[in-house]
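Undergrad: Have a look at this one before I ask anything.
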Amino acid sequence: MLQDVLLTDEEEGIKEEVRAFVKKDVPADLLKKMDRDEVTYPREFVESLGKRNLLGLRFSKAYGGRGLHWTAEIAALEEIGVLGMALGCAFSMPSIVGEALHTFGSEDLKDRFLRPMLRGELVSAEALTEPRGGSDFFGATTTAKREGDHFVVKGQKRFVVAASGADFFVVYCKTDPEGKPHQRISLILIEAEREGVEAKHLYNLLGTRGGGTGRLLFKDVKVPVSNLIGGLNEGALIFNAMMVPERLTSAGGSLGLARAALEVATRYTNRRYAFGRKIRDYQAVSFKVADSITMLDAARAITHAAGRAADLGLPTARRLVSEAKKFATDMCWEVSNQAMRMVGGIGYTNVFPIEKMVRDARLSQIWTGTNEIMSLLIQHEYYKEVLNDPNPPRMSEADAEEAHLEDEKVYEDDEMWTKGW
Ligand SMILES: Cc1cc2nc3c(=O)[nH]c(=O)nc-3n(C[C@H](O)[C@H](O)[C@H](O)COP(=O)(O)OP(=O)(O)OC[C@H]3O[C@@H](n4cnc5c(N)ncnc54)[C@H](O)[C@@H]3O)c2cc1C
């Protein structure tokens, strides 16, 4: 398996620990009830992860984590991803919200929220997206006005997982109405029980159900200034830090979901007969397995590389994390669809879990920044890298046979032709 070359012994240990938990301690009934929307939020699942010290694996032991690297968390995420996007998200949220609290939060906030969250005693949620748009994050219109020793928060957020179910939200608010987009946002922690906080509408989703995804209203909510995470108007810094776990958890979870779908199809095609032969004997079927496992391995490699770049704080981390999110989630969509094709008609029913996996997979391409936004980031970073490389490699342009024909290298309007000699 590709993981054999990617993981250290310690990371292999985490993988096995999480695999055992996923195999033995998560009842199939929970997954089914969530998909039927009979569960609002899987709190018990979070509690059992907390009891096993499996939440926020990267954070220091002092705050309740395990002090591990991203590569370990990705190995764990692949195992959790088998359970689907909603439980994957419940596992990931402490990693995403925890990034803000662990890196930027005051000791008081760490004490009251980070530690209990990592013990699985408090459920968190992140509120970034607004009805007016998620991609244009810095256009946020939810406001927090300072009045003495507290803020008054007004606005709404949309598509918040655990809008119903969370004990607290981290909410990006505009704190300087006159400031430039990157200098006017702050991150404020708001307890769900505060007066004026309301979970308004729980969405009927295509997949990823049972996570309490809804719209949040903040109606003049009074929040003490001590609930500010990081500095005033420094939300952009926190947002950029949070986008690493946001996107790596999407990528890591997608590895597991795709793997599960492919394994179901692989076992099925080894048993199912058509025209007197096992269908795996038809290359139209078995080559789908070949293509799928190749894509899955490629996604694993890029996700682990991105995790390593994030661990090392490399300048290329931003690009690699975006690439991993885009590539792994597109792979998950493609592989789960290929699995459905291999299993045929019964794959479109709920006799097999593939139809649910396909429904779940589709979301991974949308949330935590759409894959179009990932392309935006990837090209932006790559242009910067190539055009500003202080030690560029060999410039291949000079290797062309007629590279000396400079007159042929026209990059913009040729004034001689448009304006005449
Ligand atoms: C089930 C679910 C759970 C979610 N969970 C959370 C959560 O817990 N917390 C949270 O804050 N948010 C959450 N989201 C929100 C999610 O991150 C957003 O839906 C996503 O970022 C896209 O924002 P939008 O839906 O407003 O689409 P828009 O931003 O309106 O985009 C619409 C389309 O335009 C494209 N587009 C926009 N701008 C550009 C551009 N500059 N270049 C190219 N294409 C562009 C987008 O790619 C997309 O295809 C969740 C969403 C869903 C559906």
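Undergrad: Rounded if a/c is under 1.5, else prolate if a/b is larger than b/c, else oblate: which is region 228-269, with a ≥ b ≥ c the root eigenvalues of its Cα gyration tensor? Show your work: numbers first, answer last.
TA: Details: a/c = 8.81, a/b = 6.34, b/c = 1.39.
It is prolate, given that a/c is not under 1.5 and a/b is the larger ratio.
Undergrad: What ranking do V46, V5, V223, V289 get, fewest neighbouring Cβ atoms within 10 angstrom at the top?
TA: On the way: V46 25, V5 8, V223 22, V289 19.
Fewest-to-most Cβ neighbours within 10 Å comes out as V5, V289, V223, V46.
Undergrad: With an 8 Å Cα cut-off and a minimum separation of 6 or more residues, compute the relative contact order for the chain in percent. Intermediate values should be presented prior to the final figure.
TA: Numbers: 731 pairs, mean separation 65.2, N = 421.
So the answer I get is 15 percent.
Undergrad: Return the Rg/Rh ratio of region 126-234 with Cα-based radii and a Kirkwood Rh. Display every interim value, and only then the final one.
TA: Working: Rg = 13.4 Å, Rh = 13.9 Å.
That ratio is 0.97, to two decimals.
Undergrad: What three numbers, in Å, describe the spread of the alpha carbons of the chain along their principal axes, ordered from the longest?
TA: 77, 72, 40
Undergrad: Could you please tell me the mean projected area of the C-alpha convex hull for region 236-386, averaged over all directions and given in square nanometres to one decimal? Don't jump to the answer; show the numbers that get you there.
TA: Values: hull surface 38.6 nm².
Mean projected area of the Cα convex hull: 9.7 nm².
Undergrad: Viscosity 1.306 mPa s, temperature 10 °C: give me the Stokes-Einstein translational D for region 100-170 in µm²/s, with Rh taken as the Kirkwood radius over C-alpha pairs. Before the final figure, lay out the partial values.
TA: Values: Rh = 13.7 Å.
After rounding, the answer is 116 µm²/s.
Undergrad: Now for a different question. Hey, could you get me the Stokes-Einstein D for region 75-135, Kirkwood radius over alpha-carbon pairs, 20 °C and 1.002 mPa s, rounded to whole µm² s⁻¹? Write down the numbers at each step before the final one.
TA: Numbers: Rh = 12.9 Å.
Roughly 166 µm²/s, to the nearest whole number.
Undergrad: Once every Cα of region 358-399 carries one equal point scatterer and solvent is ignored, give the base-10 log of I(q)/I(0) from the Debye formula at q = 0.16, 0.21 Å⁻¹, two decimals.
TA: At q = 0.16, 0.21 Å⁻¹ the computed log10 ratios are -0.60, -0.74.
Undergrad: Neighbouring Cβ atoms within 10 Å as the yardstick, rank K51, K174 fewest first. Show your work: numbers first, answer last.
TA: Working: K51 12, K174 22.
The most exposed by this proxy come first: K51, K174.
Undergrad: So, one more: What area, in nm² and to one decimal, does the C-alpha convex hull of region 14-53 cast on average over all directions? Before the final figure, lay out each step's value.
TA: Values: hull surface 11.6 nm².
Taking the Cα atoms of region 14-53, their convex hull projects to 2.9 nm² on average.
Undergrad: What is the order of H69, H380, H304, fewest Cβ neighbours within 10 Å to most? Walk me through the numbers before you get to the answer.
TA: Numbers: H69 18, H380 13, H304 26.
If I rank by nearby Cβ atoms, fewest first, I get H380, H69, H304.
Undergrad: Find the centroid of the Cα atoms in region 351-373 and in region 246-280, then give the distance between the two in whole Å.
TA: Each part reduced to its Cα centre gives a spacing of 15 Å.
Undergrad: What do you get for Rg/Rh over region 1-141 if you use C-alpha atoms and the Kirkwood form of Rh?
TA: 0.99
Computed from the coordinates by the stated procedures, all read-outs in this text should not be read as laboratory data. Keep in mind that what you see is a predicted model, and the values were worked out from it rather than measured. Counting neighbours? That spans all protein chains shown, and the Cβs are built from the backbone with ideal geometry, glycine included.
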